[in-house]
Amino acid sequence: MQIEIEKILSSLSKVLINKGLKISLCESCTGGLLAKLCTDLQGSSLWFSGSVVTYSNNFKEIIGVKECSINNYGAVSKCVAKEMALSALNLTKSDICLSITGIAGPDGGSDDKPVGTVYFSYVDKYDFIFQEKCFFTGSRNEIRYLAAKKGIQIILDCVNQIKTQ
């Protein structure tokens, strides 16, 4: 799985450098794993601005997620994922931000949101927003890696649509 992630990251790196774009991240269930994978790549400082790990609800609120959104929809929701991404984009002043919030397990799931439920939200300075809900299976670490891999793929797919020239 690591080789697949490295291939996607390498492609993403080339596209971001070519378009002169920088990304940031706002991670919850992945706990900074995606930021680690990005910064493992040599030269990532050319396209990676930084990451905020908003693991607790309180920290989500500190960066700008509305308390009522967390109370009404839950920390693992489309609404909160979007607010995480928009808040982190504003905070980091990057061109693009991806947020990830989910339940990696082994506990914490419910009938509505079982373990493996993950929400992604991509936002960019061009006002494009893409959101996706996924379900992953496996151990806690496998779910986190699958979420990180999916996050990289979402960024790559969305960035390929950006016309910077």
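The values are calculated or read from the model by the stated rules, or taken from the named source; none is laboratory data. What you are looking at is a predicted structure, and each value in this text was computed from that prediction instead of being measured. Backbone-built Cβ (ideal geometry, glycine too); neighbour counts: all protein chains shown.
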Legend entry - Matching residues, the stretch 78-113, being in contact with a strand residue (DSSP E or B) (Cβ under 6 Å, 6 or more places away or on another chain), assigned to a loop (DSSP other than H, G, I, E, B) and closer than 21 Å to Ser139 by Cα: Ile103
Inset, instruction - Output the residue which, of all residues in the stretch 80-99 that are among the hydroxyl-bearing types (Ser, Thr, Tyr) and under 16 Å from Ser56 (Cβ atoms), is farthest from the chain's Cα centre (by Cα). - result: Ser87
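Rundown of residues vs (1) in a loop (DSSP other than H, G, I, E, B); (2) exposed (fewer than 14 other Cβ atoms within 10 Å of the Cβ), yes/no style:
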residue	(1), (2)
Ser51	no, no
Lys60	no, no
Val76	yes, no
Val115	yes, no
Tyr119	no, no
Glu142	no, no
Ile155	no, no
Cys158	no, no
Gln161	yes, yes
Legend entry - Residue list for the stretch 27-41, restricted to those being under 17 Å from Ile103 (Cβ atoms) and buried (at least 18 other Cβ atoms within 10 Å of the Cβ): Glu27, Ser28, Cys29, Thr30, Leu33, Leu34
Inset, instruction - Scan (1) within 21 Å of Gly138 (Cβ to Cβ); (2) in contact with a helix residue (DSSP H, G or I) (Cβ under 6 Å, 6 or more places away or on another chain); (3) modelled with pLDDT of 95 or more; (4) in a helix (DSSP H, G or I) for the single condition Lys36 breaks and write down its number. - result: (2)
Legend entry - Residue, surrounded by the fewest Cβ atoms within 10 Å (Cβ to Cβ), within the stretch 121-138, restricted to residues that are among the β-branched types (Val, Ile, Thr) and farther than 17 Å from Ser51 by Cα: Thr137
Legend entry - Failed item, numbered, when Gly43 is tested on (1) free of Cβ contacts under 8 Å to residues at least 40 places away in the same chain; (2) at negative phi: (2)
Inset, instruction - For the stretch 39-57, enumerate the residues that are touching a helix residue (DSSP H, G or I) at 6+ places or on another chain (Cβ under 6 Å) and at pLDDT below 95. - result: Leu41
Inset, instruction - Please specify each residue of the stretch 78-105 satisfying the condition of being in contact with a Ser or Thr (Cβ under 6 Å, 6 or more places away or on another chain), surrounded by 23 or more Cβ atoms within 10 Å (Cβ to Cβ) and either farther than 15 Å from Ser28 by Cα or small (Gly, Ala, Ser) (or both). - result: Ala81, Ala85, Ala88, Ser99, Gly102
Legend entry - Out of Leu25, Leu21, sole residue that is touching a helix residue (DSSP H, G or I) at 6+ places or on another chain (Cβ under 9 Å) and part of a loop (DSSP other than H, G, I, E, B): Leu21
